[in-house]
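I have placed the structure first, in the form of structure tokens, so that the comments after it can refer back to it.
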Amino acid sequence: MSTTIKVSNLTKNFKTYKKQPGLAGSFKALFKREYKTISAVKSLNLEIAQGELVGFIGPNGAGKTTTLKMLSGLLYPSSGAAQVLGFTPFDRKNEFLKQISLVMGQKNQLWWDLPAIETFNLNKEIYEINDKDYKETLEELTELLDVKEVMHQQVRKMSLGQRMKCELIASLLHRPKVLFLDEPTIGLDVVMQKKVREFIKEYNKKYNSTVILTSHYMDDVKEICDRVIIINEGTLAFDGALKQLTKDYADYKILIPIFNSAVTKPELEELGEVVEFDHPRAVIKVPRDRVASVAGRVLEKYDVDDLDINEPKLEDVIRQIFEKPSSLI
Ligand SMILES: Nc1ncnc2c1ncn2[C@@H]1O[C@H](COP(=O)(O)OP(=O)(O)O)[C@@H](O)[C@H]1O
Ligand SMILES: [Mg+2]
């Protein structure tokens, strides 16, 4: 597999002007400006192969958008290097821009007062797509996303979900080899999230395109990404298979007994960490290697109506990583 994206020590600092409060502060600032430096991305190293679909996650302000902007050539790094499809993104060569796309869930490129099809037609000219390819791709994408009728409506009259689908189409008409998706499902309802997610997966498979996806919704990542990259405060916290993440960082499972008899919290605390207790239901964290014996003890000692044994939620595993990032690298 060939490497499509290679990032070495990529760093971005933002210098922001710090104003003292009040008039005196403004006056002082006339003579001496004070700056504050924000390290948005700190010496990031990554390698992504052609065809990979990678989930890029981290809390708000972790540096995800800044990284994607650098990789798509919208921002210059403060230091370090990046190669995407053999180009340096910040050179913004036409040949490079024609092979990538950056979709931001919170921004739009569609013309608000025109039907979406007009933006599609404009993109055909911008990207110099030939008639045959354009027709084929448009047909295929509008069919897949079910917007054949809707695309003739004024964008302002579309629902958020319809608009997001059309945004995706506008960004994909030139069949980019690399696709950066920044929160593409934000604000969408669950059904629409699922549709967009399935579409992304299909697009990735069909064209063997490389996709980096950031999302707040763990379901997006859980269902379509084999690999996840986690950043926190601009620093890489995890890079590997999704499965490995749960194995490495969640050394426990969740036991949920429903009791049919009296039981006290101190008794349960002997079994593991009691996360919730509201009789008859308890939620207990039990170390992986003790799950079988603890479950056996519960069934033996108490009268229970039900007993569930679950993997911890991905959200919880990830939160744990954010709480102690330094110990994980
Ligand atoms: N243009 C900018 N000027 C100053 N600070 C910025 C700018 N863009 C982002 N930041 C800061 O950089 C950090 C990372 O932001 P961002 O990349 O948007 O994070 P994420 O997308 O993971 O939420 C944040 O602290 C944010 O406030
Ligand atoms: Mg962001």
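Every number here is computed from the coordinates shown, using simple stated rules; none is lab data. Model, not experiment: these values are computed from the prediction. Cβ placement follows ideal geometry from the backbone for every residue including glycine, while neighbour counts extend to all protein chains displayed.
For the stretch 223-329, taking Cα atoms only, Rg and Dmax work out to 16.4, 50 Å respectively.
Using a Gaussian network model of the chain in which every pair of alpha carbons under 10 angstrom is joined by a spring, one finds that among Leu71, Leu314, Leu102 the greatest mean-square fluctuation is at Leu314. The helix-based estimate of mean residue ellipticity at 222 nm for the chain, built from -39,500 (n - 2.57) per DSSP H run of four or more residues and divided by its residue count, is -10500 deg cm²/dmol to the nearest 500. Note: the stretch 251-310, Cα convex hull, 66 Å³ per residue. Here the simple spin-label model places points 7 Å from the Cα toward Cβ, and for Leu160 and Ile258 these points are separated by 3.4 nm.
Top mean-square fluctuation among Leu114, Leu245, Leu181, Gaussian network model of the chain, C-alpha springs under 10 Å? With Cα springs under 10 Å in the chain, the top fluctuation among Leu114, Leu245, Leu181 is at Leu114.
In this model, which of Lys42/Lys247; Lys6/Lys205; Lys165/Lys222; Lys194/Lys285; Lys69/Lys165; Lys42/Lys222 are farther than 23 Å apart at the alpha-carbon? If you can, show how the numbers build up before the last one.
Working: Lys42/Lys247 27 Å; Lys6/Lys205 21 Å; Lys165/Lys222 21 Å; Lys194/Lys285 30 Å; Lys69/Lys165 21 Å; Lys42/Lys222 26 Å.
Over 23 Å apart, Cα to Cα: Lys42/Lys247; Lys194/Lys285; Lys42/Lys222.
Rg and Dmax of the stretch 76-179, based on Cα coordinates, read 14.9, 47 Å. Projected onto its three principal axes, the C-alpha set of the stretch 3-246 covers 60, 45, 37 Å, listed from the longest axis down.
When you work out D = kT/(6 pi eta Rh) for the stretch 1-130 at 20 °C and 1.002 mPa s, using the Kirkwood radius from C-alpha pairs as Rh and the Stokes-Einstein form, the result is 121 µm²/s. Among Tyr17, Tyr252, a tally of other beta-carbon atoms within 10 Å of each Cβ gives an order, fewest to most, of Tyr17, Tyr252.
Each label was represented as a point 7 Å from its Cα along the Cα-to-Cβ direction; for Leu114 and Ala49 these points are 4.2 nm apart.
For the chain, the Cβ-based charge dipole about the Cα centre amounts to some 1780 debye (Lys, Arg positive; Asp, Glu negative; other atoms uncharged).
Phi angles across the stretch 298-309 convert, under the Karplus curve 6.51 cos²θ - 1.76 cosθ + 1.60 with θ = phi - 60°, into 3J(HN,Hα) values of 4, 5, 6, 7, 10, 8, 10, 7, 7, 8, 9, 10 Hz, Gly and Pro given as x.
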